[in-house]
1. Would you kindly derive the ³J(HN,Hα) couplings of segment 98-111 from the backbone phi angles with the Karplus curve 6.51 cos²θ - 1.76 cosθ + 1.60 (θ = phi - 60°), listing them in order in whole Hz, with x for Gly and Pro?
2. Suppose the chain between Gln39 and Asp107 were pulled fully straight at 0.36 nm per residue; how much longer would it get relative to their current alpha carbon spacing?
3. Let me spell out the model: positive unit charges on the Cβ of Lys and Arg, negative unit charges on the Cβ of Asp and Glu, origin at the Cα centre of the chain. What dipole size does that give, in debye rounded to 20?
4. Let me spell out the model: positive unit charges on the Cβ of Lys and Arg, negative unit charges on the Cβ of Asp and Glu, origin at the Cα centre of segment 1-71. What dipole size does that give, in debye rounded to 20?
5. Which number do you get for Rg(Cα) / (2.2 N^0.38 Å) in segment 37-92?
6. For segment 91-97, take each phi angle, set θ = phi - 60°, evaluate the Karplus expression 6.51 cos²θ - 1.76 cosθ + 1.60, and give the result in whole Hz per residue in order, putting x for glycine and proline.
7. With no solvent and one equal point scatterer per Cα, compute the Debye intensity ratio I(q)/I(0) for the chain at 0.14, 0.19, 0.20 Å⁻¹ and report its log10, rounded to two decimals.
8. With θ taken as phi - 60° and the coefficients 6.51, -1.76 and 1.60, list the Karplus ³J(HN,Hα) couplings across segment 39-51 in order, rounded to whole Hz; mark glycine and proline as x.
Amino acid sequence: QVQLVESGGGLVQAGGSLRLSCAASGSIFRVNAMGWYRQAPGKQRELVAAFTSGGSTNYADSVKGRFTISGDNAKNTVYLQMNSLKPEDTAVYYCNADISVLLRRLDYWGQGTQVTVSS
């Protein structure tokens, strides 16, 4: 069984920074892709930043230049450094991973971590 655990969310003032972490644990053969999504009340869940299985990165237009995704392959961990935070960044942030387990590729989600940015 694979588990994703997020941490690093919290309350921050506009212009501040937070660093989110997501660690995948369990019987993992390979992490193929990993990234961050977010969902605000009344909004659809959207991609924030991700490493794709092809090795490229994707960022939402709204966070380009402010957020940076990075990872530690040895720890099966992905990070999201969020700088110059804005109130519109307020959302629940979810870690997502495409993980090879046994002979299958499966999609996993973390439970989410709340990020609140005050004006």
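1. 9, 10, 7, 10, 6, 10, 10, 9, 10, 9, 10, 10, x, 7
2. Using 0.36 nm per residue and subtracting the Cα-Cα distance, I get 22.7 nm.
3. Roughly 100 debye, rounded to the nearest 20.
4. About 60 debye.
5. 1.19
6. Coupling constants for segment 91-97: 4, 8, 9, 10, 7, 10, 9 Hz.
7. Listed by q, the Debye log ratios stand at -0.54, -0.96, -1.05.
8. 9, 9, x, x, 10, 6, 5, 10, 5, 9, 7, 7, 8
The values are calculated or read from the model by the stated rules, or taken from the named source; none is laboratory data. Just so we're clear, the structure is a prediction, and the values are computed from it rather than from any experiment. So basically every Cβ, Gly included, is an ideal-geometry build from the backbone, and we count neighbours across all protein chains shown. Protein only, heavy atoms only, side chains kept; ligands, DNA and RNA dropped before computing areas. Shrake-Rupley method; radii C 1.70, N 1.55, O 1.52, S 1.80 Å.
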